[in-house]
Structures are given as C-alpha cells and as structure tokens.
Amino acid sequence: MEISAAGRLEVRITPADVGKRVSVRCLTEPGDTSAKFTDTVGVLTSWDNGVLMITRRDGRRVPIAESVLVAGKVVPAAPARRRGPAASYEELARVSSRAWRPVESEWLGEWELRAASGFTRRANSVLPLGDPGLPLDAALDAVRRWYGERGLPAYVQTATGAEDTQELLGAELERRGWTPEFAAEVWIGALAPVADRAEGAGVVLSREADESWLARYHRKGLSDVALRVLGSGPSVWFAAVPGAPGEPPTAIGRCVVDGRWAGFTAVEVDPGRRREGLATEVMSALARRALEEGASAAWLQVEDDNEGARALYTRLGFAPHHAYQHYRAPQEQGAQEGREQPGASATRPADARSSGAPSPDARPSGTGPGDARPADARLSGARPTDTGSSSTRPTDTGACDAGPSDTGSSAARPSQAGPSEAGPSEAGPSEAGPSPAGPSDGRPADAGPGDARPADPRSPYARPSDAGPCENRPSGARSS
C-alpha cells in the first residue's frame, strides 16, 4: 500500500487508471471502527457511481465501494517469474491453440471462431486476441449467429492474470449477461526436470490414439470429429502404460511438441492404480521424446480445485502463468445442443472464408487488423491471425477433455488422488463441452443481461458498474 511521508495510507489511483493492475486495501465494513482490512490485487476494470470493479488473477470480479477504500496504487502488470521459462500470454495462447485444433474455424478480425461438433469447449469457442474489426456488440451478435448456424451455444474464451490478458473484455461480457461457466489455470515449467523425474519405465509411445489408448480415455464412443481433434497438432505423441491382457492401459497421456514448447494433455490413470507414480512415468517418457525434438519448455492446464494434480505439477517444477474462463451467451434462443454424435463431421463445407482447422499462423494478404467488416452470417471478409487457445488442459483428472453435458453443469469427478501421486479420474468439470442449459444463476450482480449502458470512454471495454461493497479476501491473503 502507499504510505505518505506522515505515515498515513493514501489512495493513489483514480478513474483514469481503469485497465491497469492495482493493489487496494479497504475496510471490511463501512464505518467499522475496529480497523479490519482486506486487500485485493487485480486489474481495475471500471470505476463508476462510487464503485470500483477489480478482476483478480483467477478471473473473479470484486466490487469495492469508494466509501470503504483506504489505500490503493498502480502495480506492475505482472510479477516477474523467479523460475521456469519466460512466456507471454499471446505466445502460450497460440501454442495451445495449435495443440487442440477445431475441425472448422473462421475469422472475425482477430477473433478466431472455432467449432468441432461440440467436442470440448476449447474447440468450440471464440479465441479473441485482438480487434474483431467491429464494435463489441456487433461482434458478439455475429458470434452468436455463427454458432447458432451450427447448433452450438456461443462461448468466448478470455484470460486473466498476466500481461495483456482480457480482464476488460470479460467484464464487458458479464455486463451483457454472458455467464462464466468454469475457470482453470495454465501452468508452465522447464521440460528437463520433468524428463528426469522418472525413467518412463514400461511406457509405450505412438503417433496415434489406438483402440487400447481410447479404452482408457474417459470419453467413450468418440466420433471422427473428436478423433481429428485428438490427433491435431504439429507433432503429437500418445503414451500408454499397458494393462493386464485384455484390459485397458493403466495410464495414458498425450503430448504435442511445437518448437520450444511441449504441451501435456489427457493424462489419466486407472482409479485402482493411483498413487503409484504412473502419471509421472507417463509425463517423463513424453518429456524425453519432446526434448529429442528440440523442446525445452512445457505447459499444461489444471483446474482450481484439483489439489492432487496441482501438488504433482508443483513437484515437477510447474507454476501458474495465467487463468482463463469460458463465457456462455445468455439464453441461446433456438440453438440446439452442440452435442457430439458418433460419426459426426464438421458442419457446412469450407470455403474461402471458412476452412477445416487452418493453421493459426496462416494470414491472407491484403487485410489489416483494423479492417471494418459487416457482421453477416458468414462473417464476410474475416481474416486469420496469429492466435491460439489456452484451453487444452491436461490434468491428472482427465477433465480437460470432458464433453457436452445434458444439464449445463460439468461431469462429476471421482475422488482425487493425494499429493503423493495425483492420479487422474475418469472425468471432470474443467472442459465439459457445450451444454444446452442456459446461463447459471452464479453471475455477479452487475452482470445483468438487460444492461445496455454506453461504453466507458476510458478503455475499449470498461463500462459503468452496479457493483456492491467490498467482497475481498481476509487481510494478509493477497492475490497475485
């Protein structure tokens, strides 16, 4: 906190600091004479009508009334990493997108619209890494039409907690009634320590997900679309620890090597064989192969509540980089459930503006990022950009690949493994595919679907907030 020369706490932020990362302290209750404080660190996404709205690293939005504000200052965009590889959000987004490609994608300015017949949210959501070339409301209307044509609910993926992430866009989506359905974190680390952690004994590597590997994978009855997504990426490897004769493997994993990066996904272990180090063996074998192909850094994704996996990844040298969320459009009218059907294929045929999983680095010439385009059903003139997704989340729960739900909630995950070995479970909520259910009731109070206030001129996305009083964490437990 900022302390004056006289030793008093001072508020050194103003509405002009919207869009910056700040650290604030506030009273737990207005007029509280016991001087109990709470601290919040995050991006200031709005400051209107006497209320500040701060988006924390984990994506949660915290409203703070001016009347309880005690101190505040602008802080660096993100803390410096003390270990592991350095990486920007945009680099990780591009790499992770190439590791889990949709079967159909189309571009709206610098937003990539991705579809794969409902197989996982990350392959069926918008990845915005720049200007859509339209005003926000028009862009969102175009997004909803595009997914509606394919019988899918519209999702937008946003990231928080690192430099150049999308706290302001997330706040604007909530203002328009879009509902965040889950959050997870992207972790990164050096690759060599993963390879050195175990011998990789008994692990068999292959280039394809054969019937044996799929028998352990928690998703069953996969369509051709799902198999295409699983096999997508620059250099894909599948790992398996063979089980007893006639039985599925006791552990599996998937790794995509892309330049200096190796991404781990779909790490799953037989529930009866957890805490035996099998997940570590699988990751070590895959890491060795990635090192041979020239990779030096690793990434993966993990759910906030998966303590077993988080403990394992910490021991392997990984640390959080940023978090991400998927926002679902409010009350999809007439949209059918985006449920993957056996034998399903991509929807309408590809043409010059829509193709089957193009490279995220392919750009047609003659288009600039600022080109304004009409928002029609085919997103006329949309162009590709260098972008990516950060939603290919491997956890030891296998949850990164959970598919569509009939209830709008994620699949229940079996009991997690303990810290000694974070063994995967059969399914989990972190990557449940699009569901037909409408927005949940867990939306913050300021995210009313009928909100149509004019945009705040201080930032591209920040708008007035109806937020309530401070809802922070106890003092001393600071977020980063």
From the residues in the stretch 198-232 that are basic (K, R) and touching a residue at least 40 places away in the same chain (Cβ under 8 Å), which one is farthest from P102 (Cα to Cα)?
R216
Could you check P153 against (1) at pLDDT below 95; (2) surrounded by 19 or more Cβ atoms within 10 Å (Cβ to Cβ) and say which number it fails?
(1)
Filtering the stretch 216-272 down to residues that are open to solvent by less than 10 Å² (accessible area, probe 1.4 Å) and either of a type in the set (D, E, K, R) or assigned to a helix (DSSP H, G or I) (or both) yields V225, A226, V229, L230, R254, E268
Return the total of residues in the stretch 275-309 being farther than 11 Å from L191 by Cα and touching a residue at least 24 places away in the same chain (Cβ under 8 Å).
19
Determine which member of the set V62, V18, V74 is within 31 Å of the chain's Cα centre (by Cα), open to solvent by 40 Å² or more (accessible area, probe 1.4 Å), modelled with pLDDT of 85 or more and within 28 Å of V186 (Cα to Cα).
V74
Contact list please: Cβ distance under 6 Å, first residue in the stretch 129-153 and β-branched (V, I, T), second residue crowded, with 22+ Cβ neighbours inside 10 Å, pairs at least six apart or on different chains.
V143/V126; V143/A154
Scanning for something under 30 Å from A190 (Cα atoms), modelled with pLDDT under 95 and open to solvent by 10 Å² or more (accessible area, probe 1.4 Å), does the stretch 114-135 turn up at least one residue?
yes
Quick one: count up the residues across the stretch 34-58 that are in contact with an Asp or Glu (Cβ under 8 Å, 6 or more places away or on another chain) and in a loop (DSSP other than H, G, I, E, B).
4
Give L300, L286, L291, L316 a once-over and let me know the one that is at pLDDT 90 or above, aliphatic (A, V, I, L, M) and open to solvent by 30 Å² or more (accessible area, probe 1.4 Å).
L291
On the given criteria, is S212 within 22 Å of A297 (Cα to Cα) and either part of a helix (DSSP H, G or I) or polar (S, T, N, Q) (or both)?
no
In the stretch 162-199, residues that are in contact with a Ser or Thr (Cβ under 7 Å, 6 or more places away or on another chain), assigned to a loop (DSSP other than H, G, I, E, B) and open to solvent by less than 10 Å² (accessible area, probe 1.4 Å) total 1
Can you pull out the residues in the stretch 258-288 that are within 12 Å of G200 (Cβ to Cβ) and not small (G, A, S)?
L278, T280, E281, V282, M283, L286, R288
Look through the stretch 3-15, keep the residues that are within 13 Å of G72 (Cβ to Cβ) and of a type in the set (A, V, I, L, M, F, W, C), and return whichever of them is modelled with the lowest pLDDT.
I3
Out of (1) within 29 Å of S296 (Cβ to Cβ); (2) in contact (Cβ under 8 Å) with a residue 24 or more places away in the chain, what's the single condition that is false for E91?
(2)
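The values are calculated or read from the model by the stated rules, or taken from the named source; none is laboratory data. Quick caveat: nothing in here was measured; it's all calculated off a predicted structure. Virtual Cβ from ideal backbone geometry, glycine too; neighbours counted across all protein chains shown. Surface accessibility is based on the protein's heavy atoms, side chains included, excluding ligands, DNA and RNA. Shrake-Rupley method; radii C 1.70, N 1.55, O 1.52, S 1.80 Å.
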